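These notes are about the structure you will find just below.
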Amino acid sequence: MSTALDSIVNQPYRAGFKTDIESDTVDKGLSEDVVRIISKKKNEPEWMLDFRLKAYRHWLTMKEPEWPNVKYPKIDYQDIIYYAAPKPKATKKSMDEVDPELLKTFDKLGVPLHERAALAGVAVDVVFDSVSVTTTYKEKLAEQGIIFCSFSEAVKDHPDLVKKYLGSVVPHTDNFYAALNSAVFTDGSFCFIPKGVKCPMDLSTYFRINTQDSGQFERTLIVAEEDSQVSYLEGCTAPQFDTNQLHAAVVELVALDRADIKYSTVQNWYAGDENGVGGIFNFVTKRGLCKGEKSKISWTQVETGSAVTWKYPSCILLGDNSIGEFYSVALTNHLQQADTGTKMVHIGKNTRSRIISKGISAGRSNNSYRGLVKVSPKAENARNYSQCDSMLIGQVCGAHTFPYLEVDNKSAIVEHEASTSKIGEEQLFYFASRGIDPEEAVSMIINGFVRDVFMHLPMEFAVEATKLLGLKLEGSVG
Amino acid sequence: MSSENKIILEASGLKAEINGAPILKGLDLCVRAGEIHAIMGKNGSGKSTFSKVVAGHPSYAVTGGKLEFFGEDLNELAPEERSKKGIFLGFQYPIEIPGVTNGAFLRLAFNSIQAARGGDELDPLEFDDFIREKLKLLKMDAGFLDRSLNEGFSGGEKKRNEILQMAILEPKLSILDETDSGLDIDALRIVANGVNSIHGDDDAIVLVTHYQRLLNYIEPDFIHVMEGGKIIKTGTKELALELESKGYDWVVDEYKAKAA
Ligand SMILES: Nc1ncnc2c1ncn2[C@@H]1O[C@H](COP(=O)(O)OP(=O)(O)OP(=O)(O)O)[C@@H](O)[C@H]1O
Ligand SMILES: [Mg+2]
């Protein structure tokens, strides 16, 4: 690759600092005892411990999946810290009790934790290593009956809701990482939007892995009751370590009749260095259940970080006339690998789904789209439209598309379009011959490429994500 | 043209290679302000290579001779710098860029070059007024502005779009590589009129073409024949007619006889 491309794609990772904060950790390794210790540290009720143990025992019988188009060294599950919490971990009644080191960390990351200074109109739950450290705007939301709190609090304060919905979309038997997560998850966010309520602000969770050798196993559960509406944002970063850390989250969404859930992610976990040393293994199970009629779940993701990404935010379209959407930009650079996509499972009548996937590969990275559209026998008049576009920057990266179709109802209309374009010397020369330098050219081409996805992000998030893509690609053109 | 006119481009003994393969093997050409030159020659003789070398394509390495623009050595200049100084290349095969609208691209190009010249940059509204005038010149529909850059454009539309860019950027030296190929009869006339109206006493044009037809509309001061990476004959516009009827072999034979 020419040096112009190179210098555009190669920017240092700006969230790569580590916070010096004393943490309470459980020794490395996983056993039934560790599961019990986690549950105990969190003062969990018996039913929660049972859920974990069942999952743990099931996990022992499972094998790590090998079908994704990614390669990484074997993970030693006994070499991971399953619980790390910043000390002191006494419960906080207000922001002023949050450790100043933490406040500084999140300020540096651009996530102010003080409500006064908070992001305009966004409520934030912050998860640092294994635990939620604070949730903003909680009281204000409670006035409308909206519950937005850490998962641990939800287990204590809203056990019936958690019991009813936990594992209802992603059962602990679902897959290897979901089973692992179900056994050892430490925290996460819980949102409940009651009947008829339109959530007045975006809800967001910010995940940060700080401890080296720790895994992050968080759990997010969002329930939107009849006629409710919510937009949820998720952001994540981690310090730069030369070892890999495992992030195996589970996200479950439930939309009842006419409910509308919009879930947006900007993922910027540490990706490892240009030689592929270090970085996060991001093995995440995200699934939404459109349970009620005319319900709608929309996933928008911008995946820029992680050494290895393996995730398929999916929609089960159970309710008649329900709608599932998946908008994705996945960028890989250096030696990053991503195998990401979605599953749209049409079960109800007149269900519709739409998939727009944009993969950008630079450096020596490898980017795969994998998507399943399944139309079950009873899903009359199902419609799906999929569009998968790949953009290659330079000569030595890879892009792959694996669309799977399982259509068992003749009335279905399923469309698939795919394209591959590239930013290479000829494209840049064309821009240059019109006075446009390589940085501007790349940014213009990339912005054009991702536009159809970014228009689905909430405004501030879109601005963030645009900047992030620019940073990630700086130095890649040459 | 008088020989007192300012020299815009001067190549002498120019040698260039790509991937170690020598293509230009000692090319001489002098282009002065106000002039129109036509370069003709067989397929593979090096016409596009010369065009791209002048514009600064990074795949080509200049290995000998000199190449100057207004007396300045071009070798150290990146292609975008050359463009900002007033060199324009109309591509034989314009590149398609999906997702980038033609209008946004044109504005960015215009503003980059304006900034380099110390001129005013235009906001989208101002640019819209400006570009509409230029579209008229080339009888292009405003719908082209909203489409992705060159994507799905017909061969002729792409070429017209190249000249639209030339009209916007007002270069000092325009090298038009087979702009006439792929144009229908009406389009050829429109594009030629466009080029003529952009051309003045301060700038120069180098046309690369296979057909005498274009030269009926854009009258060249000089015709050059390229062969084996060199210009082996230079004449006036009558030479084009002669080439059209007799082909290139006689020119090559004549050159070889002279060299021997
Ligand atoms: N990458 C390359 N490696 C080796 N030779 C090359 C390379 N690129 C171009 N060439 C050769 O350089 C020579 C000149 O090509 P060029 O495109 O300049 O010809 P041209 O005169 O413009 O031809 P045409 O009339 O067909 O457009 C050709 O023989 C071509 O095959
Ligand atoms: Mg050519």
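Per residue of B:180-187, how many C-beta atoms from partner chains lie within 10 Å of its own C-beta, taken as a mean? Display every interim value, and only then the final one.
Numbers: counts 0, 0, 0, 0, 0, 0, 0, 0.
Counting other chains' Cβ atoms within 10 Å and averaging over B:180-187 gives 0.
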Eligible lysines near residue A:378 by straight Cα distance, threshold 24 Å, same-chain separation 8 or greater: A:291, A:294, A:296, A:343, A:349, A:410
Whole-Hz couplings from phi, Karplus 6.51/-1.76/1.60, listed for segment A:289-296; x for Gly and Pro: 10, 7, 7, x, 5, 6, 7, 9
Residues whose placed amide H lies under 5 Å from that of residue B:41, excluding near-sequence neighbours: B:226
J(HN,Hα) series, segment B:163-168, from Karplus relation 6.51 cos²θ - 1.76 cosθ + 1.60, nearest Hz, glycine and proline x: 5, 4, 5, 4, 4, 6
Accessible heavy-atom area order of A:290, A:199, highest first, probe of 1.4 Å: A:199, A:290
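With +1 assigned to the C-beta of every Lys and Arg and -1 to the C-beta of every Asp and Glu, and no other charges, what is the dipole magnitude of segment B:50-176 about the Cα centre in debye, to the nearest 20? Write out the running numbers ahead of the final one.
Values: 16 positive and 20 negative charges, 98 e Å.
Rounded to the nearest 20 debye, it is 480 debye.
I need to check one value: relative contact order of segment B:7-259, counting alpha carbon pairs closer than 8 Å and at least 6 residues apart, in percent.
On the way: 457 pairs, mean separation 68.7, N = 253.
Across segment B:7-259, relative contact order equals 27 percent.
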Per-residue SASA entry for residue A:47, accessible area with 1.4 Å probe, Å² rounded to 10: 60
Estimated Rh, segment B:173-235: Kirkwood, alpha-carbon pairs, angstrom: 12.6
With DNA, RNA and ligands ignored, accessible area of residue B:110 (1.4 Å probe; Å², nearest 10): 20
Viscosity 1.306 mPa s, temperature 10 °C, Stokes-Einstein D of segment B:50-187 from Kirkwood C-alpha radius, µm²/s: 100
Buried accessible area, chains B and A (both chains, 1.4 Å probe, Å² to nearest 100): 2100
Aspartates and glutamates whose Cα lies under 17 Å from that of residue B:233, excluding same-chain neighbours fewer than 8 positions away: B:10, B:28, B:221, B:242, B:244, B:249, B:253, B:254
Fraction of accessible area attributable to carbon and sulfur, segment A:318-368 (%, probe 1.4 Å): 45
0 to 90° range, to nearest 10: angle between helix B:249-259 axis and chain B longest Cα axis: 60
Scattering profile of segment B:20-76 at q = 0.28, 0.30 Å⁻¹ [log10 I(q)/I(0), Debye over alpha-carbon scatterers]: -1.51, -1.59
Amide H contacts of residue A:234 (H built 1.01 Å from N, under 5 Å, at least 5 apart or other chain): A:205, A:264, A:265, A:266
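Working out 0.36 nm times the residue gap between residue A:400 and residue A:140, then minus their Cα-Cα distance, what length gain in nm do you get to one decimal? Intermediate values should be presented prior to the final figure.
On the way: separation 260, 0.36 × 260 = 93.60 nm, distance 4.59 nm.
Full extension from residue A:400 to residue A:140 adds 89.0 nm.
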Convex hull volume per residue in cubic angstrom - Cα atoms of segment B:7-259: 125
About the Cα centre, charge dipole magnitude for segment A:301-384 (Lys/Arg +1, Asp/Glu -1 at Cβ), debye: 160
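Other chains near B:147-156: what is the mean number of their Cβ atoms within 10 Å of each residue's Cβ?
Numbers: counts 0, 1, 6, 1, 1, 0, 0, 0, 0, 0.
For this peptide, the per-residue mean of nearby foreign Cβ atoms is 1.
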Residues of type lysines that residue B:159 reaches as a straight line, Cα spacing below 23 Å, ignoring anything fewer than 8 places off in the same chain: A:422, B:42, B:47, B:52, B:84, B:85, B:134, B:136, B:139, B:172
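Give the residue list of GluC sites (Glu not before Pro) in segment A:136-228 that are DSSP loop and have at most 10 other beta-carbon atoms within 10 angstrom.
Values: sites: A:139, A:143, A:153, A:218, A:225, A:226; in loops: A:143, A:225, A:226.
Answer by residue number: A:143.
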For residue A:402, residues with placed amide H under 5 Å, excluding near neighbours: A:369, A:370, A:371
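Roughly how big is the protein assembly as shown's charge dipole about its Cα centre, with Cβ charges of +1 (Lys, Arg) and -1 (Asp, Glu), in debye to the nearest 20?
Working: 83 positive and 104 negative charges, 363 e Å.
Its charge dipole is roughly 1740 debye.
Test of the criteria: in segment A:267-369, which GluC sites (Glu not before Pro) are in a DSSP loop and have at most 16 other Cβ atoms within 10 angstrom of their Cβ? All intermediate terms of the calculation are to be shown ahead of the outcome.
On the way: sites: A:274, A:293, A:303, A:325; in loops: A:274, A:293.
For GluC sites (Glu not before Pro) across segment A:267-369 that sit outside H, G, I, E and B with at most 16 neighbouring Cβ atoms in 10 Å, the list reads A:274.
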Hydrodynamic radius by Kirkwood, which averages 1/r over all alpha carbon pairs of the protein assembly as shown, in angstrom: 28.8
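Please report the net charge: other residues with Cβ closer than 14 Å to the Cβ of residue A:59, K and R +1, D and E -1.
Values: positive: A:52, A:54, A:57, A:63; negative: A:32, A:64, A:174.
That sum, taken over residues with Cβ under 14 Å, equals +1.
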Inter-site label distance for residue A:387 and residue B:73 at 7 Å from Cα along Cβ, in nm: 5.0
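Restrict the search to segment B:39-89; then list the GluC sites (Glu not before Pro) that DSSP places in a loop and that have at most 14 other Cβ atoms within 10 Å of their Cβ.
On the way: sites: B:68, B:72, B:76, B:80, B:81; in loops: B:76.
Answer by residue number: B:76.
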Cubic angstrom per residue, convex hull over Cα atoms of segment A:372-478: 129
Cross-link table B:237/B:258; B:66/B:230; A:286/A:374, entries beyond 19 Å C-alpha to C-alpha: B:237/B:258
Hz values of 3J(HN,Hα) by residue in segment A:325-341 - Karplus curve (6.51, -1.76, 1.60), Gly and Pro given as x: 9, 9, 10, 9, 10, 10, 10, 10, 9, 6, 10, 5, 10, 10, 10, 9, x
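Can you pull the mean other chain C-beta count within 10 Å for peptide A:422-429?
Values: counts 0, 1, 1, 3, 5, 5, 4, 11.
For this peptide, the per-residue mean of nearby foreign Cβ atoms is 4.
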Acute angle (nearest 10 degrees) that the helix B:124-137 long axis makes with the longest principal axis of chain B, alpha-carbon atoms: 50
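The values are calculated or read from the model by the stated rules, or taken from the named source; none is laboratory data. Fair warning: this is a prediction, and the values are worked out from it, not measured in the lab. Positions of Cβ are backbone-derived with ideal geometry, glycine not excepted, and every protein chain shown enters the neighbour counts. To get the accessible areas, we keep the full protein, side chains included, count just its heavy atoms, and leave off ligands, DNA and RNA. Shrake-Rupley method; radii C 1.70, N 1.55, O 1.52, S 1.80 Å.
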